[in-house]
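The block underneath contains the structure these notes are about, expressed in structure tokens.
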Amino acid sequence: MPKKINARVKLTISLTMISVILGLMLSMQYKNTRAAANTQSQVTTTDPKAQYTADQLSRIKEQNKALEGDIEKLRKELYEFEKQATQAGNNVPPEVRDDLTKYKIMAGVLPVKGPGISFTVTDSIKDGQTTNLLITHDSDLRMMVNEMFIGGAEAIAINDQRITTTSGIICIGPIVMINGVKVSPPFEFKAVGQAQTMMATFELRGGVFDLLGDPGGRALSFSKPKMHPSLTLPAYAGDFNGLSE
Amino acid sequence: MKPNNKIALFLVSLLLGSMVTVQFSTVHSRPKQQDAAAVTTGDYVQLTAEMAKERERQNFFYSEIANLEAQIAGYKGKQGDRKELVKQMAEELEKVKREAGQTQVNGDGIIITIEDDLDAVATYGTENQVFLDAALYQTVNYLNGHDAQAISINGHRIVSFSTIRSISKYNHQINTQTISSDKIVIKAVGNIEQMKVGLYANRLKDAFFQMGKGFEITDVKDGSLEIPPFERAVEFKYAQPEGDKKL
């Protein structure tokens, strides 16, 4: 008799456990199906023309990235030749090379390194929703650039796009373009210059960072700015809106 | 175990097995659906705009690579020839100075005149002029974003590290030099139509109007627009070329 009870208890326990698992699985399955259905309902039909353009775009972007790498390599090589030219034997005045270097940094066509700060900014998520007022706009990024230069930056890059003489930060629909290249949030700022004074711009009451990060207002999310003893910024490889042609 | 119980267990296990299978396949097939969902008709306009920019960049990259290769070949061939080396470096310096904003630029473009406007002052007053820096900076930004090649504000050239700052309603600075806000003249050489599209699309006229300022655009199509070079000495204390000692 006790044996029988034991078997029954065992069976009840195993059945209970299986039922619990089954219940869990069912609810998960239900949730998943619902989520999948939701995604599907948001999906309008794929446009083959747009798909074709998207494929082409990703191909040309890859090519351009490789070309940018080639340009950077060639510029470094050229820079080395310029250095050699001022060395013994050639007698080219060193001021010429110093001027070349200085204006290359100013134009943004040479990668630079130096002490600086970095931080990221991204859209605000207030009440769990990102609305037009709470996304990071082209004008916000531009004002941050201005503020960093006022604060002592000598060179700035956002998501590896160097700020140059003719850099524009503009929105085309919901996408942000810097130097004609699409960049997406989070936006990573890197600035080489006087790190202490740049850090101070974040503390400034009523300053750009204070206003944009205000939890009661725009509430953009900023990471804590970090100081670096040495940061490297990439060079710009574009045509300065046709100025250099 | 009774046969009945065995059947029950078997059925439950069977059901559980099939649930797991379905669950697994749902989880795995979902990313695919999302991929397919990524490109729709609505994206087409943006994709085309991006594509045009990337094509433009690519064309420039090819010509720049040819240019750089020719320069490097030039240096290789002129080792030891001082006169030729100096000549090549002088040419290179001229190009870099132009890109940095250190030379005067002439060409077609637009002149924007920003002055107190009686209607605007009557409607909005002049209190908002403390935000003039933001509006000016946006103007420069949208001009640059729409094919401006060179810009100056009241004779001060805009370069990579230019700053625009309003200290108060009366005190505005471009490149840390005070300008008079009674009459602000922005000159921009570049693609006239594109620059105007950038200004109109971003409603800059309205922004200035709300500060009591009028915003008039004049086209210059005879190539007579002059943008002066950056006026101050340049020195970099912190930024240095990668792999180099301090300047």
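Which condition breaks for A:ALA219 when tested against (1) surrounded by 19 or more Cβ atoms within 10 Å (Cβ to Cβ); (2) more than 14 Å from every other protein chain (Cβ to nearest Cβ); (3) touching a Ser or Thr at 6+ places or on another chain (Cβ under 6 Å)?
Condition (1) is where A:ALA219 drops out.
Only one of these is over 27 Å from the mean Cα position of the chain (by Cα), under 18 Å from A:ALA235 (Cα atoms) and outside any strand (DSSP E or B): A:GLU95, A:GLU68, A:GLU82. Name it. Working first, answer last.
Working: A:GLU95 fails: under 18 Å from A:ALA235 (Cα atoms); A:GLU68 fails: over 27 Å from the mean Cα position of the chain (by Cα).
Unique residue meeting the criteria: A:GLU82.
Answer yes if at least one residue in the stretch A:92-104 is more than 24 Å from B:GLY77 (Cα to Cα) and either in contact with a helix residue (DSSP H, G or I) (Cβ under 8 Å, 6 or more places away or on another chain) or assigned by TED's automatic domain parsing to the domain that holds A:MET199 (or both), and no otherwise.
Filtering the stretch A:92-104 down to residues more than 24 Å from B:GLY77 (Cα to Cα) leaves A:102-103.
In the following step, the residues that additionally are either in contact with a helix residue (DSSP H, G or I) (Cβ under 8 Å, 6 or more places away or on another chain) or assigned by TED's automatic domain parsing to the domain that holds A:MET199 (or both) were identified as A:103.
Yes, the stretch A:92-104 contains a residue that is more than 24 Å from B:GLY77 (Cα to Cα) and either in contact with a helix residue (DSSP H, G or I) (Cβ under 8 Å, 6 or more places away or on another chain) or assigned by TED's automatic domain parsing to the domain that holds A:MET199 (or both).
So, B:ARG232, is that one basic (Lys, Arg), without any contact (Cβ under 8 Å) to a residue 60 or more places away in the chain, within 8 Å of another protein chain (Cβ to nearest Cβ) and under 30 Å from A:LYS102 (Cα atoms) or not? Lay out the reasoning, then the answer.
Numbers: basic (Lys, Arg): yes; without any contact (Cβ under 8 Å) to a residue 60 or more places away in the chain: yes; within 8 Å of another protein chain (Cβ to nearest Cβ): no; under 30 Å from A:LYS102 (Cα atoms): yes.
Spelling it out, it is not the case that B:ARG232 is basic (Lys, Arg), without any contact (Cβ under 8 Å) to a residue 60 or more places away in the chain, within 8 Å of another protein chain (Cβ to nearest Cβ) and under 30 Å from A:LYS102 (Cα atoms).
Kindly indicate whether any position in the stretch B:140-147 is over 21 Å from A:ASP140 (Cβ atoms) and in the same structural domain as B:GLY212 (by TED's automatic domain parsing). Reasoning before the result, please.
Quick first cut of the stretch B:140-147, residues over 21 Å from A:ASP140 (Cβ atoms) only: B:147.
Then keep just the ones that are in the same structural domain as B:GLY212 (by TED's automatic domain parsing); that gives B:147.
For the stretch B:140-147, residues over 21 Å from A:ASP140 (Cβ atoms) and in the same structural domain as B:GLY212 (by TED's automatic domain parsing): present.
Any idea which of (1) buried (at least 18 other Cβ atoms within 10 Å of the Cβ); (2) within 10 Å of chain B (Cβ to nearest Cβ) is the one A:ASP140 doesn't satisfy?
Failing condition for A:ASP140: (2).
Just the residues that are at the interface with chain B (Cβ under 9 Å from one of its Cβ atoms) and either surrounded by 19 or more Cβ atoms within 10 Å (Cβ to Cβ) or of a type in the set (A, V, I, L, M) (or both), please, taken from the stretch A:179-193. First the steps, then the outcome.
As a first pass, look at the stretch A:179-193 and keep what is at the interface with chain B (Cβ under 9 Å from one of its Cβ atoms): A:179-182, A:192-193.
A:ASN179, A:GLY180, A:VAL181, A:VAL192, A:GLY193, listed by residue number.
Kindly evaluate A:THR39 against the criterion of being within 34 Å of the chain's Cα centre (by Cα), modelled with pLDDT under 80, in a helix (DSSP H, G or I) and within 7 Å of another protein chain (Cβ to nearest Cβ). Steps first, please.
On the way: within 34 Å of the chain's Cα centre (by Cα): yes; modelled with pLDDT under 80: yes; in a helix (DSSP H, G or I): yes; within 7 Å of another protein chain (Cβ to nearest Cβ): yes.
Against the criterion (within 34 Å of the chain's Cα centre (by Cα), modelled with pLDDT under 80, in a helix (DSSP H, G or I) and within 7 Å of another protein chain (Cβ to nearest Cβ)), A:THR39 qualifies.
Based on what the data block shows, is B:GLU54 facing chain A (nearest Cβ under 7 Å) and in a helix (DSSP H, G or I)? So that I can check it myself, show each step before the final result.
Numbers: facing chain A (nearest Cβ under 7 Å): yes; in a helix (DSSP H, G or I): yes.
When the stated conditions are applied, B:GLU54 passes them.
To keep it simple, each residue is scored yes or no on (1) β-branched (Val, Ile, Thr); (2) in the same structural domain as B:ASP219 (by TED's automatic domain parsing); (3) modelled with pLDDT of 90 or more; (4) assigned to a strand (DSSP E or B).
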site	(1), (2), (3), (4)
B:ALA90	no, no, no, no
B:THR123	yes, yes, yes, no
B:ALA150	no, yes, yes, yes
B:SER181	no, yes, no, no
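Just name the residue that is surrounded by the most Cβ atoms within 10 Å (Cβ to Cβ) out of those in the stretch B:199-235 that are at pLDDT 95 or above and assigned to a loop (DSSP other than H, G, I, E, B).
The qualifying residue surrounded by the most Cβ atoms within 10 Å (Cβ to Cβ) is B:PHE230.
Inspect all residues belonging to the stretch B:97-120 and state whether any of them is in a helix (DSSP H, G or I) and among the β-branched types (Val, Ile, Thr). Lay out the reasoning, then the answer.
Filtering the stretch B:97-120 for residues in a helix (DSSP H, G or I) gives B:97-100, B:118-120.
Narrowing further to those that are among the β-branched types (Val, Ile, Thr): none.
No, the stretch B:97-120 contains no residue that is in a helix (DSSP H, G or I) and among the β-branched types (Val, Ile, Thr).
Of all residues in the stretch A:93-133, which are at pLDDT 90 or above and among the basic types (Lys, Arg)?
A:LYS102, A:LYS104, A:LYS113
Of the numbered conditions (1) in contact (Cβ under 8 Å) with a residue 12 or more places away in the chain; (2) more than 20 Å from B:ALA134 (Cα to Cα); (3) in contact with an Asp or Glu (Cβ under 7 Å, 6 or more places away or on another chain), A:VAL208 satisfies every one except a single condition; which is it?
Going through the list (1) in contact (Cβ under 8 Å) with a residue 12 or more places away in the chain; (2) more than 20 Å from B:ALA134 (Cα to Cα); (3) in contact with an Asp or Glu (Cβ under 7 Å, 6 or more places away or on another chain), A:VAL208 breaks only (2).
The values are calculated or read from the model by the stated rules, or taken from the named source; none is laboratory data. Note that the structure is predicted; figures quoted are calculated from it, not measured. Because the Cβ atoms are built from the backbone with ideal geometry, glycine has one as well, and the counts that use them run over all protein chains shown.
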